[in-house]
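Notes follow the structure.
The values are calculated or read from the model by the stated rules, or taken from the named source; none is laboratory data. These figures come from a predicted structure and were not determined experimentally. Glycine gets a Cβ as well: all are built from the backbone with ideal geometry, and neighbour counts include every protein chain shown. Side chains included, ligands, DNA and RNA excluded: accessible areas come from the protein's heavy atoms. Shrake-Rupley method; radii C 1.70, N 1.55, O 1.52, S 1.80 Å.
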Amino acid sequence: MKKSRAGKYTSMNQILLVSLLCLFSCSGGLEGELVGNWKGTDHLFRRTEGPEVVVTVNGGLEQHLRSKLILNDDGTFQKLVGEYDNGKGTWTVEKDKLITMHENGDELIYTLLKVTDKELITQHEVELNSPEGTLIGEIILSYSR
């Protein structure tokens, strides 16, 4: 029994369609790309308001270079600085936002600037109190794996 060409193409199209659907739904989309261990590689602070506090900015870079962000596929995360726990909780993604909810109830929203299999770059707003006054700005964090 010989199959017609039309039947062959229909079967091929169905296989392609199922494969594409699985690729987009089975991989978990952006969440799937984020899961894993990320090591801090760069830190940029942009001050928008407040005093110039070089020590605070440089200290943030040193801490970030020793940090790890671990995003688990069960929706939990842990942030380490060196071997010390710097927070844990749950994470979700909404559009271009990585939303972390810490165990203490603090929520931090990162804008995802770049996500690849080897590089993650985020941006978030920050307000820090210092003896010289309140420092307001944004931090851009780079990670690699």
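Looking only at region 88-107, residues that are open to solvent by 50 Å² or more (accessible area, probe 1.4 Å) and touching a strand residue (DSSP E or B) at 6+ places or on another chain (Cβ under 7 Å) come to 8 in all. Does THR122 meet the test of being among the β-branched types (Val, Ile, Thr) and in contact (Cβ under 8 Å) with a residue 40 or more places away in the chain? For THR122, the condition - among the β-branched types (Val, Ile, Thr) and in contact (Cβ under 8 Å) with a residue 40 or more places away in the chain - is not met.
If we scan region 55-69, do we find a residue that is over 19 Å from THR116 (Cβ atoms), modelled with pLDDT under 70 and exposed (fewer than 10 other Cβ atoms within 10 Å of the Cβ)? Checking region 55-69: at least one residue is over 19 Å from THR116 (Cβ atoms), modelled with pLDDT under 70 and exposed (fewer than 10 other Cβ atoms within 10 Å of the Cβ).
For ASP42, the conditions (1) assigned to a strand (DSSP E or B); (2) more than 15 Å from the chain's Cα centre (by Cα) all hold with the exception of (2).
Look at region 125-137: where a residue is under 10 Å from PRO51 (Cβ atoms) and a partner is open to solvent by 100 Å² or more (accessible area, probe 1.4 Å), sitting 6+ places away or on another chain with Cβ atoms under 8 Å, you get THR134/GLU49; THR134/GLU127; LEU135/ARG47; LEU135/GLU49; LEU135/GLU127; LEU135/ASN129. Of the strands (runs of 3 or more DSSP E) lying entirely inside region 87-145, the ones with 3 or more residues being farther than 13 Å from LEU34 by Cβ and polar (S, T, N, Q) are found at 119-130, 133-144. Please tell me if ASP85 is open to solvent by 20 Å² or more (accessible area, probe 1.4 Å) and touching a residue at least 12 places away in the same chain (Cβ under 8 Å). No: the conditions fail for ASP85. In region 114-145, the qualifying residues are those that are loosely packed, with under 13 Cβ neighbours inside 10 Å and of a type in the set (Lys, Arg), and the one that is farthest from GLY40 (Cα to Cα) is LYS114.
Using the structure shown, decide if GLY133 is modelled with pLDDT of 90 or more and either more than 15 Å from the chain's Cα centre (by Cα) or small (Gly, Ala, Ser) (or both). No, not satisfied.
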